[in-house]
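> After the structure tokens below, expect a handful of questions from me.
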Amino acid sequence: MKVLIVGGGGREHAIAVSMKKSKRVEKLYCVPGNAGIAQIAECEPSIGVMEFDKVVAYAKEKAVDLVFVAPDDPLVGGLVDALEAAGLRTFGPRANAAILEGSKAFSKDLMKKYNIPTAAYETFDDAEAAIAYLETADMPIVLKADGLALGKGVLICNTLEEAKAGVKEIMLDKHFGSAGNRMVVEEFMTGREVSVLSFVDGKTIKTMTSAQDHKRAKDGDQGLNTGGMGTFSPSPFYTEEVDEFCKKYIYQATVDAMAAEGREFKGVIFFGLMLTPKGPRVLEYNARFGDPETQVVLCRMKNDIMDVIDACIDGTLDQIDLQFEDNAAVCVVLASDGYPESYEKGYVIEGLDKFDDADGYYCFHAGTKQTSEGIVTNGGRVLGVTATGEDLKQARANAYAATEWISFSNKYMRHDIGKAIDEA
Ligand code: AMP
Ligand code: GLY
């Protein structure tokens, strides 16, 4: 079959590598793609993921059998609906289900209505009312812009002054654009964070192995929030007890709640969980694969990804026995120094040829570009160097060893990805 992937980051490269392993895939296409994806797929860099008409036309022109929509913006904006309306078989939630990620107010209300454990909250459309509420609230407190904000619309405020400044930033100065027209104020929770990705076919949910992201730019979780500086999988903190709790109160409950609301969810649900002293709580939902969680999860999946995708679309996921290797994986993001603020790009990357999937070493491209001088850096997050190993310690040693194979002028990385496992 011929498959088109929509997206162009490390996550999409990991999805492409996984699809390439399938005997059923004869040809891969990707819009816009990147220099790494271009090694295994035909890419069309001139088409953006929000140019729905062009994506639909490209899928038709290439006569693809399936379109896989990976990023949040086109999912929330209704690309799946547009592709389906054009008669194309598509993987991913429709807009009415992707709202699970697209509106934090929606997802919080859903959890409240269906008793899914999460932090207590209030929603505000009006800055004055939000400030009046904050004046009576306990600190620290968490402010969240309602809409999509590149994972950055969350402010943790330690004092009332910080909280007031946060309201101004989100609702009045519109730092996150229209995402801040509405705001959720949430109880501050403590505990370890774990990400669990899952496949969903509308009724059945099958969770993948657990993972953990490192969102801050600098070692020791210092610095600014980023798209993610590295991941490991599985999380040693995601115990059987935690899994049992989440199966009982969170996973199926979420899928059933969406179905009951007439918003049947098909695709991937990403559960951002916090393991609080009172038990696991949902921090957030994403309506898609995570980046860079996907990089450490899919390389451990034993199933043919196309079988699982088909089962999600056809509603036969109950017949799939989802299995993962009994190993571990670590992904270290190589970024351009200065990310997530200002950074330079256009530097030639050396050492990419040293990676061999067969040995359990992957170099997923995020921000790269092919030029006449070779492959150059083209973004804040440049590469996701990923390695498997028999356990987390080995995977971590392998991944960090592999980061040394790559060089470019302003290479930056965190040195403590997966360090938390030493405390497990
Ligand atoms: P979110 O985009 O909702 O996952 O929030 C981004 C990050 O902010 C999370 O990964 C947490 O580290 C933190 N966070 C979000 N909500 C809370 C909360 N209620 N209490 C403590 N930390 C939070
Ligand atoms: N790594 C978090 C996300 O994909 O949103």
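> As a test, work out the antiparallel percent of DSSP beta bridges whose residues both lie in segment 1-72, rounded to the nearest 5. All intermediate terms of the calculation are to be shown ahead of the outcome.
Numbers: 0 of 12 bridges.
About 0 percent, rounded to the nearest 5.
> Taking 25 °C and 0.890 mPa s as the conditions, I'd like the Stokes-Einstein D for segment 104-229 in µm²/s, using the Kirkwood hydrodynamic radius from alpha carbon pairs.
On the way: Rh = 16.0 Å.
Once the numbers are plugged in, D ends up at 154 µm²/s.
> Now for a separate question. Give me a comma-separated list of calculated 3J(HN,Hα) values for segment 418-424, in order, Karplus coefficients 6.51, -1.76, 1.60 applied at θ = phi - 60°, integers in Hz, x for any Gly or Pro.
Going residue by residue, I get x, 5, 4, 5, 5, 8, 6 Hz, with x marking Gly and Pro.
> Looking only at GLU193, GLU261, GLU12, which one moves most when the chain is put into a Gaussian network model with springs between Cα atoms under 10 Å?
GLU261
> Please build a GNM for the chain, connecting alpha carbons under 10 Å apart, and tell me which residue among HIS175, HIS13, HIS365 fluctuates the most.
Highest fluctuation among the options: HIS175.
> Please arrange LYS104, LYS393 by counting, for each residue, the other beta carbons lying within 10 Å of its beta carbon, fewest first.
Values: LYS104 26, LYS393 14.
The most exposed by this proxy come first: LYS393, LYS104.
> A further question follows. Show that you can apply the helix-only estimate: for the chain, add -39,500 (n - 2.57) for every DSSP H stretch of four or more residues, divide by all residues, and state [θ] at 222 nm to the nearest 500. Intermediate values should be presented prior to the final figure.
Numbers: 13 runs with 111 residues, N = 424.
One gets -7000 deg cm²/dmol as the mean residue ellipticity at 222 nm.
> Return the Cα extents of segment 287-374 along principal axes one, two and three, sorted largest first, each rounded to a whole Å.
Taking max minus min along each principal axis of the Cα atoms, segment 287-374 gives 48, 30, 26 Å.
> Grab the other residues whose beta carbon is less than 15 angstrom from that of GLU390, score K and R as +1, D and E as -1, and report the net. Before the final figure, lay out the partial values.
Values: positive: ARG300, LYS393, ARG396; negative: GLU325, ASP326, ASP359, ASP391.
The answer is -1.
> Follow-up. For a test of the definition: using alpha carbon positions, the gyration tensor, and the 1.5 limit on a/c, classify segment 241-329 as rounded, prolate or oblate. Show your work: numbers first, answer last.
On the way: a/c = 1.70, a/b = 1.10, b/c = 1.54.
Oblate, since a/c reaches 1.5 and b/c is not below a/b.
> Pull up the DSSP beta bridges for the chain and report the antiparallel fraction as a percent, rounded to 5.
On the way: 65 of 80 bridges.
Looking only at bridges with both residues in the chain, the antiparallel portion is about 80 percent.
> Under a plain spin-label model, where a point goes 7 Å from the Cα along Cα-to-Cβ, how far apart in nm are GLU241 and LYS27?
Placing both labels 7 Å beyond Cα along the Cβ direction yields 5.5 nm.
> Also, quick follow-up: Starting from the Cα gyration tensor of segment 120-160, take the square roots of the eigenvalues, sort them a ≥ b ≥ c, and report rounded, prolate or oblate (rounded when a/c is under 1.5, otherwise prolate if a/b is larger than b/c, else oblate). Could you put the intermediate results ahead of the total?
On the way: a/c = 2.27, a/b = 1.37, b/c = 1.66.
Because a/c hits 1.5 or more and a/b fails to exceed b/c, segment 120-160 counts as oblate.
> Using alpha carbons only, how many angstrom separate the centre of segment 1-52 from the centre of segment 294-333?
Cα centroid of segment 1-52 versus Cα centroid of segment 294-333: 17 Å apart.
> While we're on this one: Given the convex hull of the Cα atoms of the chain, what is a quarter of its surface area in nm²? Provide the component values of the computation, followed by the final result.
Working: hull surface 77.7 nm².
It is 19.4 nm².
> Still on this structure, I have one more. Can you put LEU392, LEU322 in order, fewest other beta carbons within 10 Å first? Could the numbers behind the result be given before it?
Numbers: LEU392 22, LEU322 17.
So the residues, fewest neighbours to most, are LEU322, LEU392.
> Grab the other residues whose beta carbon is less than 12 angstrom from that of ALA132, score K and R as +1, D and E as -1, and report the net.
Details: positive: LYS164; negative: GLU122, ASP126, GLU128, GLU135.
Net of charged neighbours comes to -3.
> Computed over the Cα atoms of segment 4-91, what is the ratio Rg over Rh, Rh following Kirkwood? Can you show the working numbers first?
Values: Rg = 11.6 Å, Rh = 12.6 Å.
Dividing the radius of gyration by the Kirkwood radius yields 0.92.
> Summing Lys, Arg as +1 and Asp, Glu as -1, what charge do residues with Cβ under 10 Å from the Cβ of ASN286 carry, ASN286 excluded? Each step should come with its number before you reach the end.
Values: positive: ARG288; negative: ASP72, GLU101, GLU284, ASP291, GLU293.
Residues close to ASN286 contribute a combined charge of -4.
> Using the per-residue mean of other Cβ atoms lying within 10 Å as a proxy for protection, in what order, highest first, do the peptides 15-26, 225-236 fall? Numbers along the way, then the final one.
Numbers: 15-26: 18.2, 225-236: 24.9.
The packing order, highest mean first, is 225-236, 15-26.
> May I pose another question? Hey, which of these cross-link pairs are over 22 Å Cα-Cα: LYS113/LYS144; LYS21/LYS203; LYS60/LYS203? Intermediate values should be presented prior to the final figure.
Details: LYS113/LYS144 20 Å; LYS21/LYS203 28 Å; LYS60/LYS203 30 Å.
As for pairs spanning more than 22 Å Cα to Cα, those are LYS21/LYS203; LYS60/LYS203.
> Just ALA14, ALA287, ALA132 to compare: in a GNM of the chain, with alpha carbon springs under 10 Å, which one fluctuates most?
ALA132
Readers should treat all values here as calculations from the given coordinates under stated rules, not as data from a laboratory. The structure displayed is predicted, hence computed values, not measured ones. Reconstructed Cβ throughout: ideal geometry from the backbone, glycine too, with neighbour counts over all protein chains shown.
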